[in-house]
1. Only residues in region 81-106 that are assigned by TED's automatic domain parsing to the domain that holds residue 196 and part of a helix (DSSP H, G or I) count as the first member; pair them with residues that are β-branched (Val, Ile, Thr) and at pLDDT 85 or above, Cβ under 6 angstrom, at least 6 apart or cross-chain, and list the lot.
2. Looking only at residues that are β-branched (Val, Ile, Thr) and crowded, with 20+ Cβ neighbours inside 10 Å in region 73-89, which one is modelled with the lowest pLDDT?
3. Would you confirm whether any residue within region 17-29 is touching a helix residue (DSSP H, G or I) at 6+ places or on another chain (Cβ under 6 Å), small (Gly, Ala, Ser) and at pLDDT 90 or above?
4. Within region 102-115, identify whether any single residue is under 19 Å from residue 72 (Cβ atoms), loosely packed, with under 15 Cβ neighbours inside 10 Å and modelled with pLDDT under 85, and answer yes or no.
5. Could you list all residues from region 1-34 that are part of a helix (DSSP H, G or I) and among the hydrophobic types (A, V, I, L, M, F, W, C)?
6. Working only within region 26-68, note down all residues that are more than 27 Å from residue 97 (Cα to Cα) and of a type in the set (D, E, K, R).
7. Could you look through region 177-209, keep only residues that are of a type in the set (D, E, K, R) and closer than 13 Å to residue 161 by Cα, and pick out the one that is modelled with the highest pLDDT?
8. Conditions first: (1) touching a residue at least 60 places away in the same chain (Cβ under 8 Å); (2) within 18 Å of residue 125 (Cβ to Cβ); (3) of a type in the set (Asp, Glu). Residue 74 passes all but one, so which condition is the exception?
Amino acid sequence: MNEELVLEDKIISSAKRVFLEKGFEKAKMQEIADTAGISRTALNYYFRTKDNLFYSIVNQIFDGLLPHFKQVLEKQNQTFSERIADLVDTYNEFLRANPDIPFFIISEINRNPRLLAGFIQNSKRINGYLSFLKKMLDTTQKPEGVNYMFQMPIEELITLFYGLIFMPYVISPMVKELYSNDGERIAEYYDHHADNVKFMLKKLIVDAN
C-alpha cells in the first residue's frame with residue numbers, strides 16, 4: 001500500500017473515532033485533522049467535506065464485507081438453513097474484526113438518520129448488496145410448505161437479521177462488564193450468540209410451517 005493510501009486510511013479511521021465520540025453534526029474537520037496528526041490543509045486535500053469522509057467510512061465498511069458476502073451467495077446446492085448459517089458466520093467473523101461498526105451505524109442512525117438514509121438510497125453499492133440478499137432468497141433451495149419468513153417484505157427480513165447480529169456489538173461495554181473483561185469468555189459469548197442466532201432463524205424459517 002503506498003503512502004497516500006496509508007494516510008487516507010488513517011484519516012478515515014480518525015474520522016470514525018471523532019464521529020463516534022461527537023456525532024456527525026458536532027464533529028469538526030479540525031478535530032479530525034488533529035486526531036489523524038495532519039494539517040487541515042492536508043485533510044482538505046484528501047476529503048474536502050465531512051460528507052465525503054462519512055461516505056468513505058460507509059464505503060470502507062461495505063468494501064470489507066461484500067467480498068465475503070458474495071462468497072456465501074455464490075455457493076451452490078445449499079439449503080436455506082445452510083446458507084443462513086454461513087451468512088451468520090460471515091458476519092460474526094467480520095464484526096469480531098470490526099466491533100465498532102455496529103455502534104457507528106446505530107449512532108448515526110439516531111443522530112442523523114437523513115444522512116445515512118439518503119446515502120443508502122443513492123448508493124449503487126448498497127443497493128447491489130440488497131439485490132444480493134433478495135437473490136439469495138430467490139435462488140436458495142426452499143423447504144417445502146408455507147413459512148413465515150418467505151412472506152416477509154425484504155425490509156423486515158433485513159432489520160430482523162441485523163438486529164439479531166448487531167446487538168451484542170452495540171452493547172459491547174455491557175458484555176465486557178458481564179464477563180469481567182475476560183477476552184476468552186467474551187470470544188466464547190460471541191460464538192455462542194452466533195449459534196443462537198442460527199437456531200432462532202432456523203426455527204422461524206424452516207420449522208414455522
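The values are calculated or read from the model by the stated rules, or taken from the named source; none is laboratory data. Here the structure is a predicted model, which is why all the values come from computation and not from measurement. Every residue, glycine among them, receives a Cβ derived from its backbone with ideal geometry; neighbour counts consider all protein chains shown.
1. From region 81-106, the pairs are 88/197; 91/165; 102/170; 103/170; 106/170.
2. Among those residues, the one meeting the criterion is 84.
3. no
4. Looking through region 102-115, none of the residues is under 19 Å from residue 72 (Cβ atoms), loosely packed, with under 15 Cβ neighbours inside 10 Å and modelled with pLDDT under 85.
5. Of everything in region 1-34, those that are part of a helix (DSSP H, G or I) and among the hydrophobic types (A, V, I, L, M, F, W, C) turn out to be 5, 6, 7, 11, 12, 15, 18, 19, 20, 29, 32, 33.
6. Scanning region 26-68 gives 26, 28, 40, 48.
7. Only one residue tops the list, namely 198.
8. Among (1) touching a residue at least 60 places away in the same chain (Cβ under 8 Å); (2) within 18 Å of residue 125 (Cβ to Cβ); (3) of a type in the set (Asp, Glu), residue 74 violates only (1).
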